[in-house]
1. Which of the residues that make up segment 139-166 are in contact (Cβ under 8 Å) with a residue 24 or more places away in the chain and hydrophobic (A, V, I, L, M, F, W, C)?
2. Take the residues in segment 155-183 that are of a type in the set (Gly, Ala, Ser) and over 25 Å from LEU49 (Cβ atoms), then tell me which one is surrounded by the most Cβ atoms within 10 Å (Cβ to Cβ).
3. Going by the conditions given, is GLU142 acidic (Asp, Glu) and under 30 Å from ALA253 (Cα atoms)?
4. Against the definition (in contact with a Gly (Cβ under 8 Å, 6 or more places away or on another chain) and either over 30 Å from PRO165 (Cα atoms) or assigned to a helix (DSSP H, G or I) (or both)), how does HIS87 come out, yes or no?
5. Take the residues in segment 270-288 that are assigned to a loop (DSSP other than H, G, I, E, B) and in contact (Cβ under 8 Å) with a residue 24 or more places away in the chain, then tell me which one is nearest to ARG40 (Cα to Cα).
6. How about segment 317-332: which of its residues are surrounded by fewer than 19 Cβ atoms within 10 Å (Cβ to Cβ) and of a type outside the set (A, V, I, L, M)?
7. Quick one: ALA94 ticks every box in (1) at pLDDT 95 or above; (2) in contact with a Gly (Cβ under 8 Å, 6 or more places away or on another chain) except a single one, so which number is it?
8. How do the pairs read when you match residues in segment 306-328 that are farther than 14 Å from ARG279 by Cβ with residues anywhere that are among the hydroxyl-bearing types (Ser, Thr, Tyr), using Cβ under 6 Å and keeping only pairs 6 or more apart or on different chains?
Amino acid sequence: MRALPVLLVTSLLGMAMAVAQDLPVWSAKPLAEVAVYPERDASAQVVSLNASRIAAEIAGRIEELPVEVGQRVAKGALVARLDCRDHELAHERAQAALAAARARWALAGQQLDRARDLRAQGFVSEEALAARRTETEVLRAEVAQADVQLATSARAVGKCVVRAPFAAIVRERLGQVGELAAPGAPLAVLVDVSRIEVVAQVQAKDAASLKHAAKLRFLGPGGARQLALARISPDIDPQTRVMDARLRFAGPAAATGESGRVVWRDSEPHIAPELVVRRAGRLGVFLEDAGVARFHVLPEAQEGRPARADLPPGARVVVTGQLALKDGQRLR
């Protein structure tokens with residue numbers, strides 16, 4: 001019990017000696033104990049990678065348009081059905097033309113074989129045989145052409161039904177049943193719900209901390225949601241000095257068009273603003289080095305803001321008495 005009064009008396013005597021010798025009262029702690037990791041944020045918006053105007057590829061009257069605004073549709077779901085009778089008739093004509101071309105080609109092949117036999121017997125000239133060969137090749141080309149026309153007409157028939165290219169939400173319904181749709185005429189606007197990203201406008205100086213952040217969150221009207229960084233564009237806007245960062249939701253996505261903020265914590269240690277002092281026009285901190293106060297300049301420091309600390313974790317940062325210290329002053 002006698003040790004406590006002795007220790008107290010010793011401390012009081014030390015402080016009295018310090019005051020008598022005009023020495024500052026100070027204390028220091030390792031950087032690992034005093035470092036702070038400030039929170040960063042950037043304005044952001046939820047966007048879909050596809051907001052497509054689904055259009056008719058052929059001319060036809062709209063017979064059916066079952067989608068409604070705000071409706072969710074699956075990939076391959078029916079968006080519109082066009083009157084297809086004209087295209088079906090064209091397909092039937094192409095089938096008939098192909099059948100006729102194949103029949104003529106088959107006949108020409110038989111005639112060519114007969115001409116070869118007669119040529120071998122000397123009853124047909126070489127010129128007549130060559131003419132048969134040419135006729136057969138021409139008809140073979142006609143068959144190929146008719147085959148292509150049949151395939152083209154089949155594609156036209158397939159385009160009478162317009163389907164959703166991806167799982168989506170219907171944003172707009174542009175066509176009406178009974179209207180005549182021309183090629184390229186939009187029928188509906190679909191927003192892809194399978195490919196959603198968050199676009200954040202990040203200051204160039206914060207891009208590195210965002211890249212190395214361990215935890216990213218999107219704060220919007222729907223609450224906080226976890227994010228994962230997809231990419232940061234290397235291009236910097238010359239006027240705003242911001243970079244475009246793209247992030248993806250780690251869980252359920254927010255609604256497209258929702259605005260909010262991307263929030264993360266800086267992964268590098270910083271010095272709290274109350275520990276930063278100014279000496280010779282520069283901002284920095286005092287370090288205790290073998291009983292001597294050393295002023296360490298923090299190049300990126302700003303008044304009233306945490307400053308990035310380019311120091312080892314064991315560096316002893318002066319946390320009290322730093323306002324009265326001078327560079328190189330001995331400490332007791």
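The values are calculated or read from the model by the stated rules, or taken from the named source; none is laboratory data. Owing to the predicted nature of the structure, the values given are computational and were not obtained by experimental measurement. A quick note on method: Cβ atoms are made from the backbone with ideal geometry, for glycine too, and the neighbour counts reach across all protein chains shown.
1. LEU139, VAL143, ALA146, LEU150, ALA154, ALA156, VAL157, CYS160, VAL161, VAL162, ALA164, PHE166
2. The extreme case among them is ALA181.
3. no
4. yes
5. Across segment 270-288, the extreme among qualifying residues is ALA272.
6. THR320, GLY321, LYS326, ASP327, GLY328, GLN329, ARG330, ARG332 - these are the residues of segment 317-332 that are surrounded by fewer than 19 Cβ atoms within 10 Å (Cβ to Cβ) and of a type outside the set (A, V, I, L, M).
7. (2)
8. That search, which allows pairs on different chains as well, returns VAL319/SER27; THR320/SER27.
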